[in-house]
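Worksheet: one structure, shown below.
Only the coordinates and a few stated rules stand behind these numbers; no lab work does. Keep in mind that this is a model prediction, so the values were computed, not measured. Here the Cβ positions follow ideal geometry from the backbone for every residue, glycine too, while neighbour counts run over all protein chains shown.
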Amino acid sequence: MDRIAIMGGARLQGEIPISGAKNSAIKLMAASLLTDEPLRLTNMPRLADTRFLGRLLQRLGTEVVESAGPDGAETLLTTREIMSGFAPYDLVRQMRASFNVLGPLLARTGQAKVSLPGGCTIGARPVDLHLKALEALGARIDLHEGYVYAQAPGGLRGGEIEFPFVSVGATEHALLAAVLARGATVLRNSAQEPEITDLADCLNKMGAKVEGAGTATIRVQGVERLTGASHAVLPDRIETGTYALAAAMAGGEVRLTRTRSDFIEALIVKMREAGVEVTPHPDGLTVKRNGGRLKAVELETDPFPGFATDLQAQFMALMTLADGESVIRETIFENRFMHAPELGRLGADISVHGGEARVRGVETLEGAQVMATDLRASVSLVIAGLAARGETVVNRVYHLDRGFERLEEKLGACGADIRRIKGDAGEDD
Ligand code: UD1
């Protein structure tokens, strides 16, 4: 398998264009199951996860055509007919978000059989809220041998759903099903992430009636059918935050373009507290750090607009070199500090107790072999490698390829000494 090697010490200087958001793109792709007309998505990131979902959709009956458009990569998805309502274990296990095809399949055809995703490295990640939401819309759900058998023979009907806590995936899933349900649906305590608003915008272009996305209460008036539409995927706020932190770690000045600073306000507050200069502009933001030691800060992850759990590992990498002790609390996922021991291999001083990590800043990190454990953890190791003395080699790069488009190219263009080492086929790292 591929590895990424980074020779630390180079300052970053230049511009990085941000791609379309992975977490939005995969839900928008699932929305194409709701109509027999073409859904054209522009500003599409080309990632292992989008390719993967494309393959699952093809099995379900979607024609997927990728092309290069004037506004970045495009994907045209047309599901004239659902050929199969079956999403098998091996496909759903590999990418949890595949589970989100359940709602659209049910809404369009009244039945589906979709594998439960199972746990993952960052926690148990159950789907009970997804299933309760579908039941509130009139679905009959049975679980057998790891599969969800869902039925709504007379079609879904609107309902009241109050989420006991905020879930991005369950909010999106309820939305994807409610748009074609008969009557009105109200979703309370909904997630407010920008990806929810993006999905609602796209669904509305397809003829849905969704109001209140981006707030805790979303109202949906079901419609009989949806049409095709054209929609540009919103910029990836996690990629934006990741490169902002990479620039802060390596030092220098990097302009992030084709993105939005208001998506990462909680991060910007913490970066400034740490002593990094961040200047928003209409097309994104510029991050600058010249010499001087970073200050330790305290933070807690929270649902949007709070500090994103998907940026926690990257921020921890930055704090490994800060002056003093920073405290990082993870409140979304129960097992999301697996990067801590790997950062420790580079010389970081981190102790973890339950959902809290204490990072005592050190003067320098030293390059080493490290192992990526999940998508965001792996990029935190790349960030640490940018500032470590000598060479850092990140193994299991397939995690990175799931969510970061052309990472080496983007960082390399700003002066980072980073390269991919191709692995032998079948090699087990
Ligand atoms: C999405 C993002 C992920 C991000 C996360 C939180 C995608 C593809 N992934 O994941 O990158 O880290 O939001 O911002 O968009 N939970 C339950 N039962 C459920 C659903 C969730 O207990 O039915 C729990 C989860 O285990 C977790 C918490 O709720 O502890 C929040 O998870 P959720 O917001 O649903 O995350 P995802 O949608 O899986």
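Amide H contacts of residue 323 (H built 1.01 Å from N, in plane; Pro and chain starts excluded): 294, 295, 296 sit under 5 Å, all sequence-distant by 5 or more or on other chains. Highest-first packing order for the peptide set 239-246, 299-306 is 239-246, 299-306, based on the mean count of other beta carbon atoms within 10 Å.
DSSP beta bridges fully contained in segment 332-429 are about 55 percent antiparallel.
Checked against a 32 Å cut-off, the cross-linked pairs 22/113; 22/209; 113/410; 22/132 give Cα-Cα distances beyond that limit for 113/410.
Between residue 149 and residue 338, the simple label model (points 7 Å from Cα in the Cβ direction) yields a spacing of 3.3 nm. Residues whose amide H comes within less than 5 Å of that of residue 417, counting only those at least five positions distant or on another chain, are 7, 10 (H built at 1.01 Å from N in the peptide plane).
Overall, the chain carries a charge dipole of about 460 debye about its Cα centre when +1 sits on the Cβ of Lys and Arg and -1 on the Cβ of Asp and Glu, all other atoms neutral.
At q = 0.15, 0.23 Å⁻¹, what is the log10 ratio I(q)/I(0) for segment 193-286, with the Debye formula run over Cα points and no solvent? Scattering profile of segment 193-286, log10 relative to I(0): -0.68, -1.09.
Extension gain, residue 272 to residue 219: 0.36 nm times the residue separation minus the Cα-Cα distance gives 15.4 nm.
Within the chain, what percent of beta bridges assigned by DSSP are antiparallel, to the nearest 5?
Within the chain, antiparallel bridges account for around 70 percent of the total.
When the trypsin sites (Lys or Arg not before Pro) in segment 10-83 are filtered for DSSP coil states and for at most 12 other beta-carbon atoms within 10 Å of their beta-carbon, the remaining sites are 80.
A straight chain from residue 189 to residue 67 at 0.36 nm per residue would run longer than the Cα-Cα distance by 40.1 nm.
Reported to the nearest whole Å, the Cα centre-to-centre distance from segment 58-104 to segment 19-40 is 8. Contact order for the chain, expressed relative to its length and based on alpha carbon pairs under 8 Å spaced 6+ residues apart, stands at 21 percent.
Packing around the peptides 333-340, 169-176, taken as the average count of other Cβ atoms within 10 Å per residue, puts them in this order, highest first: 169-176, 333-340. For chymotrypsin sites (Phe, Trp or Tyr not before Pro), the sites in segment 137-206 that DSSP calls loop and that have at most 10 other Cβ atoms within 10 Å are 165. For segment 23-94, averaging the sequence separation of C-alpha pairs within contact (under 8 Å, six or more residues apart) and dividing by the residue count gives a relative contact order of 36 percent. For segment 369-384, 3J(HN,Hα) computed residue by residue from phi via the Karplus equation (6.51, -1.76, 1.60; θ = phi - 60°) reads 7, 9, 10, 7, 9, 8, 4, 6, 5, 5, 6, 5, 6, 5, 4, 4 Hz, glycine and proline entered as x. Multiplying the residue separation of residue 135 and residue 352 by 0.36 nm and removing their Cα-Cα distance gives an extension gain of 74.3 nm.
Database remark: amide H of residue 336 closer than 5 angstrom to no amide H (H placed geometrically; neighbours at sequence offset of 5 or more, or on other chains; Pro and chain starts carry no H).
For segment 368-393 versus segment 313-329, the inter-centroid distance based on Cα atoms is 15 Å. Per-residue packing, averaged as other Cβ atoms within 10 Å, sorts the ranges 248-256, 100-108 into the order 100-108, 248-256, beginning with the highest.
Please compute the contact order of segment 214-286 in relative form: average sequence separation of alpha-carbon pairs under 8 Å and at least six residues apart, divided by the residue count, as a percent.
29
With the simple model of a label 7 Å out from the Cα in the direction of the Cβ, residue 160 to residue 421 spans 6.0 nm. Which of the three applies to segment 102-243, rounded, prolate or oblate, going by the alpha-carbon gyration tensor with a ≥ b ≥ c and a/c under 1.5 meaning rounded? In terms of gyration-tensor shape, oblate.
Overall shape: prolate for segment 6-53, with the ratio a/c of the largest to smallest alpha carbon gyration tensor axis at 1.5 or above and a/b above b/c.
Please state the shape class of the chain: rounded when a/c is under 1.5, otherwise prolate if a/b exceeds b/c and oblate if not, all from the C-alpha gyration tensor. It is prolate, given that a/c is not under 1.5 and a/b is the larger ratio.
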